[in-house]
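Asks: Just passing along the structure, written as C-alpha cells.
The values are calculated or read from the model by the stated rules, or taken from the named source; none is laboratory data. In this text, all values refer to a predicted model and were calculated from it rather than measured experimentally. Glycine also receives a Cβ, built like all others from the backbone with ideal geometry; neighbour counts cover every protein chain displayed. Note: accessible area is taken over every heavy atom of the protein model, side chains too, but ligands, DNA and RNA are not part of it. Shrake-Rupley method; radii C 1.70, N 1.55, O 1.52, S 1.80 Å.
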Amino acid sequence: MEKQRGIMQMDWEIHALQKQCLNKLLSDRGIHFGQPPLLFTLRQLGRCSQKDLAKSLCVSPASIAVSLKRMEKAGLIMRVPDPDDLRSNRIELTETGKASADYAEWGLREVSMQNYCGFSETEFSQLMDFYRRMRQNLTDYKEKLEGSD
C-alpha cells in the first residue's frame, strides 16, 4: 500500500507539472486550459450543434456553455444559424480557432516530448506496456462498476 501511495503521489505531481507547462504555453496565446478538447473536437466534427459537441466529449451541453461563450468572445468559434432549424445554432471554428487548435496540438506534443525526453526505445516500450495494462485494468473496473448499476 505504501508503494501505491508513492506512485499515486508521483502521478499527481507529473500531471500537475504537465498541466502547468501546457497552461503556460497556451495562455501565452490566449487559450484557456479547458479549451483544447473543444477545439480538437470541433476541428474533427466541423460545424455542429452544442448537443453534438457535448456528446462527443461525453459531457452535458450545459457543462460546456461557459467555455463556448468565452471562446466566442475570443473569436475562436462562431455560431451559425442551423439551416434546417432556424431556432438553433451550429458552432464552428473561426480561422483564429483553427490556428489555436493547431497551436494547442503543438503544445500538447511539446509537453509530451519533454515528458519522455531521454527515454530509450526499450524504456519507452516498457512504459507503453505499463500504460496498456493500466488502461485495461481501468476499463475492466469501469465495466464492473457500470454492471453494478
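Asks: Just checking, which of 98, 142 is among the basic types (Lys, Arg), without any contact (Cβ under 8 Å) to a residue 60 or more places away in the chain, within 27 Å of residue 26 (Cα to Cα) and part of a helix (DSSP H, G or I)?
Replies: Values: 142 fails: within 27 Å of residue 26 (Cα to Cα).
After ruling out the rest, the residue left standing is 98.
Asks: Also: Looking only at region 73-89, decide whether some residue is over 21 Å from residue 114 (Cβ atoms) and assigned to a helix (DSSP H, G or I).
Replies: yes
Asks: Listed residues 28, 11; which is within 14 Å of residue 103 (Cβ to Cβ), out of contact with any Cys (no Cβ under 6 Å at 6 or more places or on another chain) and free of Cβ contacts under 8 Å to residues at least 40 places away in the same chain?
Replies: 28
Asks: Does residue 92 satisfy the criteria of being surrounded by fewer than 16 Cβ atoms within 10 Å (Cβ to Cβ) and out of contact with any helix residue (DSSP H, G or I) (no Cβ under 6 Å at 6 or more places or on another chain)?
Replies: no
Asks: Another question, if that's okay. Looking at this structure, is residue 25 aliphatic (A, V, I, L, M), open to solvent by less than 50 Å² (accessible area, probe 1.4 Å) and in a helix (DSSP H, G or I)?
Replies: Against the criterion (aliphatic (A, V, I, L, M), open to solvent by less than 50 Å² (accessible area, probe 1.4 Å) and in a helix (DSSP H, G or I)), residue 25 qualifies.
Asks: For residue 19, state whether it is open to solvent by 70 Å² or more (accessible area, probe 1.4 Å), out of contact with any strand residue (DSSP E or B) (no Cβ under 7 Å at 6 or more places or on another chain), closer than 19 Å to residue 102 by Cβ and in a helix (DSSP H, G or I).
Replies: Answer is no for this residue.
Asks: Of everything in region 55-83, what is without any contact (Cβ under 8 Å) to a residue 24 or more places away in the chain and basic (Lys, Arg)? Give them in sequence order.
Replies: 55, 69, 73, 79
Asks: Same structure, new question: Looking only at region 33-61, filter to residues that are open to solvent by 80 Å² or more (accessible area, probe 1.4 Å) and of a type outside the set (Lys, Arg); which one of those is modelled with the lowest pLDDT?
Replies: Going through region 33-61, the residues open to solvent by 80 Å² or more (accessible area, probe 1.4 Å) turn out to be 43-44, 47, 51, 55, 58.
Cutting the leftovers down to of a type outside the set (Lys, Arg) gives us 44, 58.
Values: 44: 96, 58: 93.
It comes out as 58.
Asks: Taking region 66-89 as the region of interest, how many residues are open to solvent by 50 Å² or more (accessible area, probe 1.4 Å) and either within 16 Å of residue 29 (Cα to Cα) or touching a Lys or Arg at 6+ places or on another chain (Cβ under 6 Å) (or both)?
Replies: The total comes to 5.
Asks: What about residue 111, is it touching a Cys at 6+ places or on another chain (Cβ under 6 Å), more than 12 Å from residue 42 (Cα to Cα) and either open to solvent by less than 50 Å² (accessible area, probe 1.4 Å) or among the hydroxyl-bearing types (Ser, Thr, Tyr) (or both)? Walk me through how you get there before you give the answer.
Replies: On the way: touching a Cys at 6+ places or on another chain (Cβ under 6 Å): yes; more than 12 Å from residue 42 (Cα to Cα): yes; either open to solvent by less than 50 Å² (accessible area, probe 1.4 Å) or among the hydroxyl-bearing types (Ser, Thr, Tyr) (or both): yes.
Criteria met by residue 111.
Asks: Additional query: Just one of (1) in contact (Cβ under 8 Å) with a residue 60 or more places away in the chain; (2) not in a helix (DSSP H, G or I) trips up residue 33, so point out which.
Replies: With (1) in contact (Cβ under 8 Å) with a residue 60 or more places away in the chain; (2) not in a helix (DSSP H, G or I) applied to residue 33, the lone miss is (1).
Asks: Does residue 135 count as surrounded by fewer than 12 Cβ atoms within 10 Å (Cβ to Cβ) and assigned to a strand (DSSP E or B)?
Replies: no
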